[in-house]
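See structure below.
The values are calculated or read from the model by the stated rules, or taken from the named source; none is laboratory data. A quick note: this is a predicted structure, and the numbers were derived from the prediction, not measured. Virtual Cβ from ideal backbone geometry, glycine too; neighbours counted across all protein chains shown. Note: areas computed on protein heavy atoms with side chains; ligands, DNA, RNA excluded. Shrake-Rupley method; radii C 1.70, N 1.55, O 1.52, S 1.80 Å.
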Amino acid sequence: MSIFKDCDIRGIYGRELDQEDGYRVGRALATMTQGSPFCVGGDVRLSTPALKARLIQGLLDGGCRVLDLGVIATPVMYFALNRLEVAGGAMVTASHNPPQYNGVKFMLGHAPVTREQMDRMAGIVARGDYRQGQGQWVPTPMLEAYRDFLVNRFGPEPKGLKVVVDAGNGAMSAIAPQAMAACGYQVEKLFCQPDGRFPNRTPNPAEYDKLTALSRRVLDTGADLGVAFDGDGDRAVFCDEKGQVIISERILVLFIRYLLRDKPTPVVYDQKSSSVVKRAILAAGGQPVPERSGHTFIKRRFLENGAAVAGEVSGHFFFGELGYDDGLFAALTLAQALGYWKASLSQALAEVVCPPITPDLRVFCPYGEQDQVLEAVERAFQGHPVSHLDGVRVEMDRGWLLIRKSVTAEQMTVRVEGETQADLERILDGLSKVHPRLGSL
């Protein structure tokens, strides 16, 4: 399988991707930017130093001036892009994937990467058609400037809230507790020792059942809020003062209520989100803008629409004042909102009730049959409103269903919501009869 995905470059290190792939990507980036200045950072994975060194060498051999940001979280790279005179940036990371993975997230300018750019890069690498040059390596630390930006934005005065920061041994291990303390919060650290083996939990905080240690620490310390970051720090998942992990749609509703209170704007959201999100946007006077799942797709639509906020069910939260997603900025914004409302997180969420909804249900389906399944679903529910952002989404009187192709395996992914549990079960039962491949639903 190709390492050139829709949104980034990623694979199992040493098997699907290695140091020389990093070098070739660097050469291709230098070619695509005609040797313009470029910034580079890397996460804490064990393979990152070697992969990052070869990526930088590829940029240098293509004539780029490389501003090396050091070991950082991905939002720090986005922050640097807004403040340095560079053509783009690259982050060596595999985000939320298990420790054996690594890869490269990159941006050319300030726009998210496109499929066309990924294909162009793959073509340059395949041909070995590289720009030649002699670049310059410049160490360019940005962590202090990033922390100062957050302190200036959220204020250094004591806030009276205690926050448990679970960095999962990832890239937010140092900066998140430092920044939250500098912004006036009492901080309890959990798994805040950088360790690319990720020994204490998965780098993916959207696996809510892996956040039991965070829940316990919140309860044991009497904290007001818990936050868990993913491996590279651009996603955040929260738990309330009762130790309950909160699904990301409900947190997005709080951001909508807080950030649209004075100036309603469009809000971009993952099309598989609970309908509680759309209802909150309309209640706040905003414009609901659904988009297909995926960081690049959500970000592009968020920028195009000038949205105050956008969100994915995976825990990506994008903020209009930044122009990108940042897990730490999300944590500080949520804490600020709770202070504004003078409410605990559980109180703020009391009226944010999601209708019954399934998790992602994955059904085996060979690649050659997937289009047939989608067509069968559309025929079976003809007469209902249908969208094709990604797969087939059918709107019903008392719920909706979404079925789409998996991007990583011979599977179909299904999600269903009903106004009541009986509605959900009725929709699932009808869907299971549409095609033999869906019979296991």
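At 7 Å along Cα-to-Cβ for each site, give me the label-to-label distance between Q117 and A350 in nm.
4.6 nm
Let me spell out the model: positive unit charges on the Cβ of Lys and Arg, negative unit charges on the Cβ of Asp and Glu, origin at the Cα centre of the chain. What dipole size does that give, in debye rounded to 20?
Roughly 280 debye, rounded to the nearest 20.
Beyond a 21 Å Cα-Cα separation, which of these cross-linked pairs lie in this structure: K272/K299; K5/K52; K210/K242; K162/K263; K52/K105?
K162/K263
Relative to the present Cα-Cα distance, how much length would full extension add between R153 and E85 at 0.36 nm per residue of separation?
Values: separation 68, 0.36 × 68 = 24.48 nm, distance 2.27 nm.
Working it through step by step, the gained length comes to 22.2 nm.
With the crude spin-label approximation of a point 7 Å out along Cα→Cβ, what separation in nm comes out for E207 versus D371?
Here the answer is 3.5 nm between the modelled labels.
Where does the charge balance sit around D390 when Lys and Arg score +1, Asp and Glu -1, over other residues with C-beta under 12 Å from its C-beta?
Numbers: positive: K272, R292, R393, R404, K405, R415; negative: D6, D270, E291.
Spelling it out: positives minus negatives among the neighbours equals +3.
Positive end of the dipole of the chain, charges at C-beta (+1 Lys, Arg; -1 Asp, Glu), about the Cα centre: which of T74, Y269, C239 has its Cα farthest in that direction?
Projecting each Cα onto the dipole axis, the largest value belongs to T74.
Hey, rough spin-label estimate for H384 and Q244, points 7 angstrom out along Cα→Cβ, what's it come to in nanometres?
Once both label points are built, they end up 2.9 nm from each other.
With a ≥ b ≥ c the root eigenvalues of the C-alpha gyration tensor of segment 80-215, is it rounded (a/c under 1.5), prolate (a/b larger than b/c) or oblate?
Oblate.
Picking from A122, N204, Q421, whose Cα lies most toward the positive end of the charge dipole for the chain (charges on Cβ: Lys, Arg +1; Asp, Glu -1)?
After comparing all options, I get A122.
If T221, T48 are ordered by their accessible area, calculated over protein heavy atoms with a 1.4 Å probe, which sequence runs from highest to lowest?
T221, T48
With a sphere of radius 13 Å drawn around the Cβ of K278, what net charge do the other residues whose Cβ falls strictly inside it have (Lys, Arg +1; Asp, Glu -1)?
Result for the neighbourhood of K278: -2.
Does the chain come out rounded, prolate or oblate, given a ≥ b ≥ c as the square roots of the eigenvalues of its C-alpha gyration tensor, rounded meaning a/c under 1.5 and, failing that, prolate meaning a/b above b/c?
Oblate shape, in that a/c is at least 1.5 and b/c is the bigger or equal ratio.
What number comes out for the charge environment of P156, summing +1 per Lys or Arg and -1 per Asp or Glu over other residues with Cβ under 13 Å away?
Residues close to P156 contribute a combined charge of +1.
Taking the Cα centre of each part, how many Å lie between segment 73-89 and segment 165-216?
Here the two parts' Cα centres lie 23 Å apart.
Roll a 1.4 angstrom probe over the protein heavy atoms and tell me the percent of accessible area of the chain that is carbon or sulfur.
Carbon and sulfur atoms account for 49 percent of the accessible area of the chain.
With springs connecting C-alpha atoms under 10 Å apart, model the chain as a Gaussian network and identify which of G315, G14, G184 has the largest mean-square fluctuation.
It is G14.
Figure the gain on full extension for L46 and A145 (residue separation times 0.36 nm, minus the Cα-Cα span) and round it to one decimal in nm.
Working: separation 99, 0.36 × 99 = 35.64 nm, distance 2.60 nm.
Stretched out fully, the L46 to A145 stretch lengthens by 33.0 nm.
From the Cα gyration tensor of segment 274-338, with a ≥ b ≥ c the square roots of its eigenvalues, which class applies: rounded if a/c is under 1.5, or else prolate if a/b is larger than b/c, or else oblate?
Taking the square roots of the gyration eigenvalues as a ≥ b ≥ c, segment 274-338 is rounded.
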